[in-house]
Amino acid sequence: MKILFCASECFPFVKTGGLADVVGSLPKELVPLGTEVAVMLPKYRQIDDYYVLKMEHLCHFNLQFGSYSVFCGVDSLVQDGVRYYFIDNLAMFGGDRVYTGDEEEGFRFAFFCRAVLESFKHLNYYPDVVHCNDWQTGLIPVLLNDQYRALDEYRGIRTVFTIHNLKFQGLFDWHRINSVLGLNEGYFSPNNLEFYGLLSFMKAGLVFANRITTVSPTYAEEIRTGYYGERLDGLLRARQNVLSGILNGIDVISFDPSTDIQLPAHYDAANPQGKKLCKAALQEELGLARRDVPLIGLVTRLTSQKGLDLITCVLNDIMRMDVQMVVVGTGDKYFEDAFTDAHYRFPDRFVCCLRHDERMARRTYAASDMYLMPSQFEPCGLSQMIAMRYGAIPIVRETGGLRDSVLPYNWYTDDGNGFSFHDYNAHDMLHVMEQAVGYWYDQRDMWARLMNRAMKTDFSWAVSARKYMELYRGLLGIPEEPKPVRRRTPKAEKTSGAAPKKPAKKAAKTE
């Protein structure tokens, strides 16, 4: 099989969020399973020269983009067994930001979708499956269906569309975008691409992809309801027979406290002593005076989706507990101001680092005793998995991937790897936080067991990668790989004082 991932970002080349981590990790995990994997993404100006200098220029051609003939180049490099293709056009992807958030963004990713499909001819590369990710690649299935299916080389290509966050849908003016794409006007209808008077890139992927996936089993259920469905729940219910949820994983080699070069000390589940050194180092760096209190960490986008309004609602109550808090991230000005104010009111117990800082993020995971993630909705969430990998016990709301990855602690059975609450309610969150803090102070042996379980939880891509392989095989009609045949070894007869008899040949048949 040849699988091509198409995405707007991919770690380590360019990253603004969790999408980059997924596209940077999953393809590498598919390679050992016996498939040829490639990734195609825009060649942004933000890509470090370290990678740009490694790229090989494969081809360039003129792409018909409405009435314009536009330059399109394709550069490439190979890393970790995966070939990466970069769609090059300075006018489209040479700006100061990866995402502009304006009307022109529709043109940029419409160009990218068309360039992906057009590049196959010039590369003489025709994948079996094109795996599209989020709205930026949503037009690929419809363009393939409308303008490329007639070509013999494209007929066998199948498409998978993965929803990483249904809230962001890529809504633009139909006439402006279609002026450069040339789709049949019949596509702009409620049954196809039209969404409340606008063209929806997300809806294009949901309607025309052969299979739809999302990033956790619970989120696959939630988005079929009105509360989580972002007005697309009816469509998702109609296509539920091709919709599935596969939980994301994390790169357990990169996120490993026993080798992470960003940490002042290393540790693992068997030898966790280094975590105390990491905590003391961060407390000293940030001016947190006391060492004998629990540290609660948050590494997040500062938006309402992440449940930060619950935190601001009861922040004074949280700080009445004997705890310290560290917040790392940027986002809405309201939350940035609220956390800055908390820092001034509690200077030796509350710190906010309003910047994207990978070093500070990893040091916060390693230093934290608890990790707070009370999301309003969370398609999958990677932070809670990373936190557990670093021994920080998650406190989460039971939604999406948080529900699928965090098993709430049960005092009577001593099971679980974190704490959770169900309703989107600030005082429910506060109650669970108080419970966790109480355990930290009064039940140190229990806390050590809880931390050990959390660190040993397997969040690698191994299981999820096999589920994706099953999905691809089913899509292409490829039977499952035969399981290895087990041979029965006959037992030798026991005899008193004599060597065991050789088994008869007939007994050595295979099952």
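All other residues with a Cβ under 13 Å from the Cβ of LYS43 taken together, and with Lys, Arg as +1 and Asp, Glu as -1, what is their net charge? Net charge around LYS43: -3. What whole-number distance in Å separates the alpha-carbon centres of the range 155-190 and the range 275-328? Measuring centre to centre over Cα atoms gives 42 Å.
The modelled label-to-label distance between ASP357 and HIS431, using points 7 Å beyond Cα along the C-beta direction, is 3.6 nm.
Heavy atoms of the protein chains alone define the surface here; on that basis the range 304-438 has 36 Å² accessible area per residue at 1.4 Å probe size. Rolling a 1.4 Å probe across all protein chains gives SER464 an accessible area of roughly 10 Å².
Treating each Cα of the range 30-181 as one equal point scatterer and applying the Debye formula with no solvent, the log10 of I(q)/I(0) at q = 0.09, 0.12 Å⁻¹ comes out as -0.29, -0.52. Here the range 344-428 is assigned +1 on the Cβ of each Lys and Arg and -1 on the Cβ of each Asp and Glu. Its dipole about the Cα centre then comes out at about 460 debye.
Between ASP337 and GLU104, the contour length at 0.36 nm per residue exceeds the Cα-Cα span by 80.8 nm.
When the Cα positions of TYR50, TYR68, CYS313 are compared along the charge dipole of the chain, TYR50 comes out farthest toward the positive end, with charges on each C-beta of Lys, Arg, Asp and Glu.
For the range 88-145 versus the range 206-252, the spacing of their alpha-carbon centroids is 22 Å.
Relative to the Cα centre, the charge distribution of the chain, modelled as +1 at Lys and Arg Cβ and -1 at Asp and Glu Cβ, gives a dipole magnitude of about 2580 debye.
Putting +1 on Lys and Arg Cβ atoms and -1 on Asp and Glu Cβ atoms, find which of GLY245, ALA338, ALA265 reaches farthest to the positive end of the dipole of the range 238-340. The listed residue farthest towards the positive side: GLY245.
Each 5 Å bin from zero holds the following percent of Cα-Cα pairs in the range 385-473: 3, 13, 22, 22, 17, 10, 6, 4, 2, 1, 0. Over the Cα atoms of the chain, the radius of gyration divided by the Kirkwood radius equals 1.03; this is the Rg/Rh ratio. Gain in length, ASP415 to LYS2, computed as 0.36 nm per residue apart minus the alpha-carbon separation, to one decimal in nm? So the extension gain works out to 144.5 nm. The radius of gyration of the Cα set in the range 226-300, together with its Dmax, comes out at 20.8, 56 angstrom. In terms of the mean number of neighbouring beta-carbon atoms within 10 Å, the peptides 31-43, 335-347 order highest first as 31-43, 335-347. A Cβ-based charge dipole, computed about the Cα centre of the range 44-154 with Lys and Arg at +1 and Asp and Glu at -1, lands at about 180 debye. Measuring against 23 Å, Cα to Cα, the residue pairs LYS15/LYS306; LYS275/LYS467; LYS43/LYS121; LYS275/LYS306; LYS276/LYS456 contain LYS275/LYS467; LYS275/LYS306 as the ones spanning a longer distance. Surface composition of the chain: carbon plus sulfur atoms contribute 50% of the solvent-accessible area (1.4 Å probe, protein chains only, all chains present).
The values are calculated or read from the model by the stated rules, or taken from the named source; none is laboratory data. Everything numeric in this text was worked out from a predicted model, so none of it was measured. Please note: Cβ atoms are built from the backbone with ideal geometry, for glycine as well, and neighbour counts cover all protein chains shown. The protein model used for the area step is the full one, side chains on, heavy atoms only, and it has no ligands, DNA or RNA in it. Shrake-Rupley method; radii C 1.70, N 1.55, O 1.52, S 1.80 Å.
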